[in-house]
Amino acid sequence: MSFQEGKYLTSFVTILVVTIAYARRALARWEAGDFDGDHGLAALGASVLWFIGALILAGIATQIVLSILSGIAGGDVEYGEDERDRLIEQRAMNAAFIVLSVAFVGAMIGLVLGQGAVHAVFTILSGFILGGLVADVWRFVLYRRGFRI
Amino acid sequence: MAGTLTNTIRRLRFDAGEMTQKELADRVGVSRQTIVAIEAAKYAPSLELAFQIAHAFGRPIGEVFQWSPK
């Protein structure tokens with residue numbers, strides 16, 4: 001497995017683990033009514049910001065560990081970006097954008113159908129997370145399988 | 001029109017005194033993994049990169065990359 005494949009596999013697992021941990025906590029708080037009332041959206045916003053911070057920190061930590069382990073194992077640890085990396089990134093971002101767009105439209109439809117703002121925020125957040133996961137899978141597949149322009 | 005792009009990079013590296021993939025990658029400014037992918041025909045390089053690779057071996061591009069219709 002190349003360094004890039006390992007990088008995106010690690011990223012995928014990190015997003016999944018942090019998201020599951022956050023989702024369990026956020027759903028418990030939602031059921032407990034923490035996101036209801038006048039200050040509910042502020043509490044929700046704060047919890048999402050904590051989640052994003054945790055995701056970034058976990059992402060940095062796991063990438064550092066991966067780089068160290070790859071270095072010890074004598075594998076390629078390549079940080080530069082070339083034309084192949086940029087093309088793969090572009091395709092992954094396109095896939096993520098489609099997922100996010102679907103989630104955003106879904107959130108808007110939910111609002112029209114009378115669902116609350118908390119629902120809408122969680123739907124859009126799910127779109128971001130799912131988009132990130134899809135992008136990582138897409139990167140992994142393109143690095144592994146290869147592709148033609 | 002669909003076609004198959006092949007290359008002779010492996011042989012040219014051998015002819016160039018067993019030039020490593022890393023050496024070639026450094027010469028043309030890409031990662032070793034990209035050279036691996038090109039050699040294995042898993043990635044079709046841009047025209048500019050194809051010319052750079054040919055230049056690294058001092059050969060015309062047609063000697064390095066070949067395309068044939070399916």
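The values are calculated or read from the model by the stated rules, or taken from the named source; none is laboratory data. Please read these numbers as outputs of a predicted model, since none were measured by experiment. Methodologically, a virtual Cβ is constructed for each residue, glycine included, from the backbone with ideal geometry; neighbour enumeration extends over all protein chains shown. To get the accessible areas, we keep the full protein, side chains included, count just its heavy atoms, and leave off ligands, DNA and RNA. Shrake-Rupley method; radii C 1.70, N 1.55, O 1.52, S 1.80 Å.
So the values come out like this:
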item: Set of lysines near residue A:7 by C-alpha distance (under 30 Å), chain-local residues within fewer than 8 positions excluded; result: B:22, B:42
item: Residue mean of other protein chain beta carbons inside 10 Å, A:71-84; result: 4
item: Cα-based shape type of segment A:3-145, given that a ≥ b ≥ c are square roots of the gyration tensor eigenvalues and the cut on a/c is 1.5; result: oblate
item: Taking chain A and dividing mean pair separation by its residue count, relative contact order in percent (alpha carbons under 8 Å, at least six apart); result: 36 percent
item: Net +/- balance of residues flanking residue A:54 in space, Cβ distance below 14 Å, scoring K and R +1, D and E -1; result: +2
item: Heavy atoms of residue B:55 accessible to a 1.4 Å probe, total area in Å² rounded to 10; result: 150 Å²
item: Max mean-square fluctuation residue, GNM over chain B, Cα-Cα springs under 10 Å, options B:17, B:58, B:29; result: B:17
item: Solvent-accessible surface ranking, highest first, for B:9, A:109 at 1.4 angstrom; result: A:109, B:9
item: Shielding of A:98-110 by partner chains, average beta-carbon count, 10 Å; result: 0
item: Segment A:1-20-segment A:37-71 distance, computed between alpha-carbon centres (Å); result: 14 Å
